[in-house]
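First comes the structure, then the notes that go with it.
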Amino acid sequence: MAFNDLRSGTKKATSKTPQVAVIVIDDSGSMQGSSATQASEGAQQLVMEMQANNIGAGGSRFILSLGKFGDTVTPLCMAAKPDAIDMTTVEFTGDSGTTEMAAALTWAAEALEQSLAVCRRIPGYVEADSPSPVVIFFSDGANTGADVTTAVNRLHSIPFQSGRVNVVAVGIGMAPTDFQVMERIASDPDLARNINPAELQEFLAFAGATIVKGETPKVMVDQFRNA
């Protein structure tokens, strides 16, 4: 995939060529309060944006996985059509323990592989004509678990015929030393962003709109300044 492909979308999400999206959001203890509320409201807006833009499609234009993590990962949906998602489950409370990033990234890889398997079973699916999958990983603090290298390598190496998987890594008011791991997680240096905690809901809502419009992850992260 050429670097310029990060800046302008070239593939359209349709029921025959769905956009795969995997969203993983920190729900550890440090997210309690405002951050958890923003995560809930922003994630709900993201799902509703996809639901609204899937009306009239013969199948589903989007295949979504959404999970929250702390000590372990709690899947809220996995390789799902947005219309089938129970909105009452899309809730973050900040009571999931510590920040085990490696486990969360491993789940993201599994969700992505399962989503691609769903796409490949669609009659008439042409992978080469499909938009590149997008993974968005959010965290607000230091990794408290195992080194992320193995999980990152697995996620980055998942094959996709029309290009690579785009991994966006979003710090939520992270200290610079903690943010270094997010720069390793992102599939391109320009896809790592450290946002102000007050921007979390806005970022999630904008991410949903960006995905629906077929714009690239670079467009998404460029809208937000470094914290």
Restricted to the chain, the DSSP antiparallel beta bridge percent, nearest 5, is 20 percent
Longest principal axis of the chain (C-alpha) makes with the long axis of helix 34-52 (C-alpha) an angle, in degrees to the nearest 10, of 0 degrees
Residue by residue through the stretch 167-179, the couplings from Karplus 6.51 cos²θ - 1.76 cosθ + 1.60 with θ = phi - 60°, in Hz, x for Gly and Pro, are 10, 9, 10, 10, x, 10, x, 6, 5, x, 5, 6, 5
Packing-ranked peptide list from 16-23, 106-113, highest mean Cβ count within 10 angstrom first, is 16-23, 106-113
Residues MET174, MET50 in order from fewest to most other beta-carbon atoms within 10 Å are MET174, MET50
Binned at 5 Å from zero, the C-alpha pair distances of the stretch 27-222 give percents of 1, 8, 16, 22, 23, 17, 9, 4, 1, 0
With the label point 7 Å along the Cα-to-beta-carbon line of SER34 and a cut-off under 18 Å to each amide N, the hits in the stretch 106-142 are 139-141
Whole-Hz Karplus couplings 3J(HN,Hα) for the stretch 23-31, θ = phi - 60° and coefficients 6.51, -1.76, 1.60, Gly and Pro as x, run 10, 10, 10, 4, 10, 5, x, 6, 8
Any residue on another chain or 5+ positions along whose placed amide H is under 5 Å from the amide H of ILE23 is listed here as SER65, LEU66, GLY67, ILE136
Output ordering of 155-167, 208-220 (per-residue mean of other Cβ within 10 Å, highest first) is 208-220, 155-167
Links exceeding 23 Å between C-alpha atoms in this model, out of LYS12/LYS218; LYS12/LYS68; LYS11/LYS68; LYS16/LYS68; LYS11/LYS218; LYS81/LYS218, come to LYS12/LYS68; LYS11/LYS68; LYS16/LYS68; LYS81/LYS218
With +1 at each Lys and Arg Cβ and -1 at each Asp and Glu Cβ, the charge dipole magnitude of the chain around its Cα centre, to the nearest 20 debye, comes out at 920 debye
Contact order relative to length for the chain, counting C-alpha pairs under 8 Å separated by 6 or more residues, stands in percent at 27 percent
Interchain or sequence-distant (5+) residues whose placed amide H lies within less than 5 Å of the amide H of SER60 are none
The FRET efficiency for ASN153 and VAL219, from their Cβ-Cβ distance with R0 = 22 Å and rounded to 0.05, is 0.25
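So between THR144 and THR74, what do we pick up on full extension, going 0.36 nm a residue minus the alpha carbon distance?
Here the answer is 23.5 nm.
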Computed from every Cα-Cα pair in the stretch 93-186, P(r) in 10 Å bins starting at 0 and rounded to whole percents is 15, 44, 26, 12, 2
Note: ALA52 to ARG120 extended length (0.36 nm per residue) minus current alpha-carbon separation gives 22.1 nm
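None of the figures in this text is laboratory data; all of them are computed from the coordinates on show. As the structure is a computational prediction, the values presented were derived from the model and not from experiment. Because the Cβ atoms are built from the backbone with ideal geometry, glycine has one as well, and the counts that use them run over all protein chains shown.
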